[in-house]
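The values are calculated or read from the model by the stated rules, or taken from the named source; none is laboratory data. Remember, predicted model here, so these are calculated numbers, not experimental data. As a convention, Cβ positions derive from the backbone with ideal geometry for all residues, glycine included, and neighbour counts pool all protein chains shown.
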Amino acid sequence: MIPPSRELGLRVQRARQDKGLEQIPFAKMIGVSPRTLGKIEQGDRGILDDHELATVAAALGVSAVWLTSGDAKTPKAKGLTVDDLVTGLPTDHVRALAAACRRELARRR
């Protein structure tokens with residue numbers, strides 16, 4: 001588990017807001033309740049495992065390293081392919097991310 005921290009929560013919140021995503025749709029996108037997402041963003045809950053971390057990072061288009069430590073110069077997951085971002089995720093998470101991406105693209109058209 002990646003322990004709860006205000007810094008992690010702020011990075012999740014910042015990246016979500018930068019993408020123009022509201023809390024409820026983003027929570028559904030990553031497979032958690034809006035309450036759980038709120039707890040993550042406030043620093044009251046950590047990220048449970050590597051799968052959840054990869055899901056959140058992929059949905060936000062940021063690197064897991066930046067999300068957890070803030071160490072990267074840029075939050076963007078430069079040089080990574082979609083395969084890099086979803087490898088090891090459960091199939092249902094990949095499908096949910098793909099569906100959320102399709103909805104977002106349709107909304108922007």
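Points to keep in mind about this one:
- Those helices (runs of 4 or more DSSP H) lying entirely in the stretch 6-47 with at least 3 residues touching a residue at least 24 places away in the same chain (Cβ under 8 Å), over 23 Å from D92 (Cα atoms) and in contact with an Asp or Glu (Cβ under 8 Å, 6 or more places away or on another chain): 6-18
- When we screen S5, S69 for residues that are touching a Gly at 6+ places or on another chain (Cβ under 8 Å), at pLDDT below 90 and surrounded by fewer than 19 Cβ atoms within 10 Å (Cβ to Cβ), the only hit is S5.
- Considering the stretch 12-40, and only residues there that are in contact with a Gly (Cβ under 8 Å, 6 or more places away or on another chain) and surrounded by fewer than 21 Cβ atoms within 10 Å (Cβ to Cβ), the residue that is modelled with the lowest pLDDT turns out to be K19.
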